[in-house]
Amino acid sequence: MDIRLHAPFNRSVHEQATVPREEADERGDVPWHALESEAVLSNLDTSPDGLDSEEAAQRLDAYGPNILTEEDGISPLSLLVSQFTGPLILLLFVAAGLSLAVGVLPGREPGYTDAVLILLILLGNGLFGFIQDYRAEKALAALREMSTPDATVRRGGTVREISADEVVPGDIIILEAGDAVPADARILSAADCRADESTLTGESVPVGKGPDPVDSDAALADHRSVLHAGTTVVRGRAEAVVVATAMGTELGTIADQLGQARQRETPFEIEVDRLGRRIGIGIVALILVIAAIQLFVTATDPVTVLLVAVTLAVAAVPEGLPAVVTLTLALGSRTLLNRNALVRNLSVVESLGAVDFIVTDKTGTLTENRMTVTRAWLPDDRTVELDDDNGPELDPALSALLSCGTRCNDAKKLDDGSYRGDPTEVALVSVAAEFGVDDDDKDGGGTGDRLHEVSFTSERKRMTIVVDEFDAPGDGPFALMKGAPEVVLDRCDRVLVDGAIEPLGDELRQRIETTTSEFADDALRVLGFAYAPDADPNADESALESELVFLGLQGMTDPPRDGVAGAVTDCLNAGIHVTMATGDTPQTARAIATEVGIDASSVLTGTEVGGLSDAELHRAIEETRVFARVSPEHKVRILRALQDAGYTVAMTGDGVNDAPALGNADVGIAMGERGTQVAQGASDVVLRDDNFVTIRDAIAEGRGIFDNIRKFVNYLLSANTGEVLVVFLGTLLGALLFPEVFSASSALVITPVALLWINLVTDGFPALALGADPKSDDVMNRPPRPRHEGVLDRYTVASIIGIGVALTGTGLGVFFYALSESGDLVVAQTVLFTFLVTAELVRTQSVRLRYRLSPFSNPWLLGAVGLSLALHLMLLYTPVSTLFGVVPLGLEAWGWIAGAFVPFLVANLLLVWVNDRVFDS
Ligand code: ATP
């Protein structure tokens with residue numbers, strides 16, 4: 001793939017970002033990857049100190065934000081209009097129009113009131129749907145906003161973090177391993193820098209990057225001096241000047257093919273959508289039967305038949321259900337954010353509730369990631385306590401050890417004297433500083449004295465630099481290495497003892513290994529240090545990192561975080577397995593695992609995992625809860641084995657190479673504080689506080705949100721089933737039992753406007769309030785939901801059918817009783833109407849019985865029920881009743897309704913009792 005990056009620097013910066021590449025090609029302008037960096041800087045009117053804030057703001061105005069395409073946020077107006085354009089709603093408008101139109105026929109009254117009421121109720125319903133959709137959109141937009149990555153830039157000489165969408169051409173960006181490149185940029189300086197450009201080139205092997213310009217005709221893969229938006233730095237560091245942002249970038253030109261990363265529909269939304277459609281078809285079939293009966297048996301007039309049919313469709317087809325699911329998920333993700341879990345992908349809210357295996361790393365998630373070097377070991381076989389007030393005197397051996405730790409180190413000293421960087425490295429710099437061993441180059445974040453460096457990666461487990469001077473025997477240049485003790489030791493053949501370099505014998509090697517184990521048994525994280533005189537900065541990695549001189553060990557504490565032990569216990573009680581997979585040694589891993597309550601009776605190392613067959617690994621994952629010295633590829637294998645065994649796995653990660661594990665986990669969890677942007681980009685959830693406790697909380701919330709979705713799906717569908725069955729059977733039975741009433745007068749058990757009203761007052765606020773129900777107390781005391789169990793489990797289906805039937809039986813019972821007692825159809829209709837409204841309101845509580853929630857635990861729900869009831873009473877006892885064709889009910893009628901409640905409530909309780917025993921035992 002040969003992508004040319006041409007930018008005409010002889011013109012203004014603004015033009016340069018907007019001139020199409022083809023045009024630049026034709027004119028033969030020099031591509032910027034072929035220019036010297038000074039030329040690039042001057043063409044962009046910037047300097048290595050970066051733009052000042054004012055200039056940056058002006059450029060942001062000129063170019064617009066650094067985002068690929070403008071978020072096509074849905075306008076409120078189109079959202080509002082969409083509420084009234086569904087086919088069913090349009091059909092209802094037609095029906096209402098018809099009921100008006102028939103008024104022109106001789107001898108017919110136009111149905112003004114019906115038409116107006118239908119319009120008003122539809123308006124209410126539409127507004128309600130609008131509020132719902134609008135809030136969901138807002139919540140989703142806020143989440144998208146939160147997910148925008150940061151970029152580190154130098155502006156006016158100071159380094160600062162800004163949102164990646166504020167990056168402008170001319171900005172100096174600073175990139176480290178794990179950072180996403182925010183815009184197309186020309187490299188000014190780089191150290192051991194490699195970028196993963198697979199998003200652009202498809203080539204998965206990272207490409208080496210450096211500041212030297214290259215041949216203008218080179219292919220993209222050879223653009224050594226260029227970093228492209230959308231790619232990631234996977235190793236080393238680089239500083240670069242931004243030459244193009246947004247759609248002006250290489251990624252921008254292919255963005256159309258890639259498409260915007262939009263929120264996909266979640267499996268729930270798909271399930272509920274499909275369900276809604278199926279139910280819709282079933283209901284339409286029933287409606288046709290009802291219509292046939294009305295037309296041919298009860299001789300109802302065709303316009304009324306049409307109105308009943310369409311109203312029933314509007315009232316009973318759960319059209320709004322997917323919207324409520326989306327809203328509940330979106331609001332749920334807001335609750336999760338309050339708990340420090342940022343949801344990047346809505347569907348994960350549902351998966352969270354089904355998680356039954358957590359694979360977590362140790363450093364920072366289970367531990368505080370606040371490291372302090374407390375102990376050191378020196379090759380004259382001295383163990384020294386460094387955090388003691390009466391600590392050791394600084395001697396040349398200790399000085400060389402501490403100096404190696406602070407110089408082979410990327411932590412930066414800030415203006416206030418504190419350090420920024422990887423906590424392991426900060427601990428090494430801090431302890432050295434306490435002993436007066438400073439690396440002057442740390443000021444201002446400099447690494448200026450380095451001749452060469454090979455960076456740390458989780459796989460390498462070591463870092464090496466080459467410097468001119470080092471206070472130890474031998475001539476420069478010197479190589480300095482720090483890393484995992486066994487890795488460093490493997491590369492040493494000599495040792496520095498009492499100021500002299502000696503061969504490293506087996507006995508001392510053995511002693512170093514034992515000391516490492518002893519340190520690790522005390523839960524210390526241990527690093528080894530070594531150096532080599534006469535190092536060749538141009539030597540390849542393996543030559544440079546061999547035949548070193550061992551300097552000693554440093555051990556650091558990293559205590560478990562508060563609350564982690566409790567959170568692990570909670571997870572275990574909730575049927576969730578907790579496994580630690582760490583890059584640290586087996587001993588340290590075991591010690592920390594034991595402290596936080598993870599079963600450390602069996603520990604496997606990454607090397608051992610690598611040697612297991614798939615079958616053996618399947619057995620191992622069931623028994624082993626601690627994996628040590630694992631690298632990201634081992635994590636992927638462990639993940640696969642767990643998923644093959646049917647587990648729903650949440651896996652944490654923070655490194656560059658954790659992206660595959662995070663992307664494939666059912667719930668990929670990245671760290672917000674310490675995680676790389678690459679890891680965050682591949683994750684479903686970002687923990688803003690990196691804390692394991694937050695994982696427990698997020699799972700509990702996920703389970704709660706799932707319960708709520710199930711509750712209102714159950715509530716709405718059982719009510720709708722009841723309504724359709726009431727009209728269907730009511731029409732049939734009416735014709736059979738009371739032919740004189742039903743055949744003669746186009747009689748209905750319930751009028752279309754009443755049905756619409758029920759829909760408005762019961763499906764509206766009460767259903768929504770159910771979505772805001774609190775979690776039940778036992779949410780973490782029950783086993784996880786099986787992986788493939790959707791919203792409609794057998795319990796819920798049984799409940800929907802059972803309640804639908806109970807509502808129909810008791811409703812029609814009280815209707816026909818009222819009809820026979822009063823002999824007045826309107827009274828009977830009002831009784832049924834009122835019974836359905838009140839029964840559905842009572843149902844908001846009975847649907848919560850499964851979760852043992854107190855009736856008073858959700859004030860929103862009580863308020864919504866109270867409001868609906870008040871509205872209904874107003875309808876009955878004010879002149880509005882005549883509009884609805886109902887009558888104010890007397891005490892006797894209320895007595896009938898109360899009577900109907902007895903069997904209805906018994907049915908509710910019985911159903912919960914049976915379901916609990918049959919399906920939830
Ligand atoms: P976890 O996977 O739980 O975060 P970890 O931090 O120990 O644990 P890695 O970051 O993969 O895992 O580190 C592996 C090992 O490499 C560490 O145990 C340590 O010995 C060594 N190490 C860690 N950080 C550095 C560093 N900055 N320079 C050199 N060696 C390091």
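Yes/no per residue for (1) at pLDDT below 90; (2) away from the ligand (no atom under 13 Å from the Cβ); (3) farther than 23 Å from PRO473 by Cβ:
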{"site": "ASP381", "(1), (2), (3)": "no, yes, no"}
{"site": "LEU398", "(1), (2), (3)": "no, yes, no"}
{"site": "GLY405", "(1), (2), (3)": "no, no, no"}
{"site": "ASP422", "(1), (2), (3)": "yes, no, yes"}
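Can you name every residue in segment 482-520 that is of a type in the set (S, T, N, Q) and within 14 Å of the ligand (Cβ to nearest atom)? Those that are of a type in the set (S, T, N, Q) and within 14 Å of the ligand (Cβ to nearest atom): THR516, SER517. If only residues of segment 406-433 that are of a type in the set (D, E, K, R) and outside any loop (DSSP other than H, G, I, E, B) are counted, the one that is surrounded by the most Cβ atoms within 10 Å (Cβ to Cβ) is ARG407.
For segment 359-375, the tally of residues that are in a strand (DSSP E or B) and more than 10 Å from the ligand (Cβ to nearest atom) stands at 5.
Scanning segment 549-585 for residues that are surrounded by fewer than 19 Cβ atoms within 10 Å (Cβ to Cβ), within 16 Å of the ligand (Cβ to nearest atom) and outside any loop (DSSP other than H, G, I, E, B) returns a single hit, THR557.
The number of residues in segment 609-649 that are in contact with a Phe, Trp or Tyr (Cβ under 8 Å, 6 or more places away or on another chain), more than 16 Å from the ligand (Cβ to nearest atom) and in a helix (DSSP H, G or I) comes to 1. Right, THR588: in a helix (DSSP H, G or I), more than 28 Å from ALA354 (Cβ to Cβ) and either of a type in the set (A, V, I, L, M) or within 14 Å of the ligand (Cβ to nearest atom) (or both) or not? The answer is yes for THR588. Only one of the listed residues (ASP690, ASP773) is assigned to a loop (DSSP other than H, G, I, E, B) and at positive phi. That residue is ASP690. Taking segment 596-608, which residues are within 14 Å of the ligand (Cβ to nearest atom) and within 23 Å of GLY566 (Cα to Cα)? Within segment 596-608, VAL596, ILE598, VAL603 meet the criteria.
Here LEU220 meets the list (1) surrounded by 15 or more Cβ atoms within 10 Å (Cβ to Cβ); (2) closer than 30 Å to ASN409 by Cα; (3) modelled with pLDDT under 75 almost entirely, failing just condition (2).
Within segment 452-464, residues that are closer than 17 Å to LYS362 by Cβ and touching a residue at least 40 places away in the same chain (Cβ under 8 Å) reach partners that are within 9 Å of the ligand (Cβ to nearest atom) and hydroxyl-bearing (Ser, Thr, Tyr) with beta carbons closer than 8 Å, at six or more positions or on different chains, in the pairs SER458/SER631.
For segment 521-532, name all the residues that are more than 10 Å from the ligand (Cβ to nearest atom) and either without any contact (Cβ under 8 Å) to a residue 24 or more places away in the chain or touching an Asp or Glu at 6+ places or on another chain (Cβ under 8 Å) (or both). I'd like the intermediate steps shown before the answer.
Here is the first cut: in segment 521-532, the residues more than 10 Å from the ligand (Cβ to nearest atom) are 521-524, 530-532.
Residues satisfying the conditions are ALA523, ALA532.
Identify, please: which residue in segment 852-881 is part of a helix (DSSP H, G or I) and either of a type in the set (Val, Ile, Thr) or in contact with a Gly (Cβ under 7 Å, 6 or more places away or on another chain) (or both) and is, among those, surrounded by the fewest Cβ atoms within 10 Å (Cβ to Cβ)? Only one residue fits best here, namely VAL880. As for segment 599-608, it holds no residue that is at pLDDT below 90 and part of a helix (DSSP H, G or I).
Please indicate, with yes or no, whether at least one residue in segment 497-511 is surrounded by 22 or more Cβ atoms within 10 Å (Cβ to Cβ) and touching a Leu at 6+ places or on another chain (Cβ under 9 Å).
Scanning segment 497-511, I find no residue that is surrounded by 22 or more Cβ atoms within 10 Å (Cβ to Cβ) and touching a Leu at 6+ places or on another chain (Cβ under 9 Å), so the answer is no.
The values are calculated or read from the model by the stated rules, or taken from the named source; none is laboratory data. None of these values were measured; they are calculated from a predicted model. Backbone-built Cβ (ideal geometry, glycine too); neighbour counts: all protein chains shown.
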